[in-house]
Amino acid sequence: MSFQWKWLRNFVRRNTNPIPEYRAQRWRQRLSLAYILLAWNAFGLVCYMVYTGRNDWAKYYGYKSEEDASVPPSQYYANLLKVDKAKVIRFSGFQKVNEIEIDNTAEETKTT
């Protein structure tokens, strides 16, 4: 427990009664089983979505236009982080596949 939450710990300890150790251990086991089941089902859902071709759910359900879907992730994050000029180098293994220059200054002048 970090020092930032010490006030919460002190508040809970002051306003509640201690519980027996065996009961705490039993509830810890129950919660861990619930977490295991939830995590396993979430993993299964992600695998199912990828298998059925819905791994880009925003595009599949129409929240992302074709124009937005065609923008590569590197250019998307350069726009998001407001990077004016970027150089993207793509590697496959130890070989350089391609190199892309991203220039967002030209796009800003077009829109204004």
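Where a number appears in this text, it was derived from the coordinates with a stated rule and is not lab data. Bear in mind the structure is a predicted one, so any value in this text is a computation, not a measurement. Methodologically, a virtual Cβ is constructed for each residue, glycine included, from the backbone with ideal geometry; neighbour enumeration extends over all protein chains shown.
A compact table of results
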| read-out | value |
| --- | --- |
| 28 Å Cα-Cα reach of Lys96 towards lysines, excluding residues that sit fewer than 8 places from it in its own chain | Lys82, Lys85, Lys87 |
| Helix 6-15 vs. the chain, principal-axis angle (Cα, 0 to 90°, nearest 10) | 30 |
| Angle in degrees between helix 21-51 and the longest Cα principal axis of the chain, rounded to the nearest 10 | 20 |
| Asn79-Val46 FRET efficiency (beta carbon distance; Förster radius 22 Å; 0.05 resolution) | 0.25 |
| Where labels lie 7 Å past Cα in the beta-carbon direction, separation of Gln29 and Asn17 in nm | 2.4 |
| For the chain, the Rg and Dmax computed from alpha carbons only, in angstrom | 24.7, 68 |
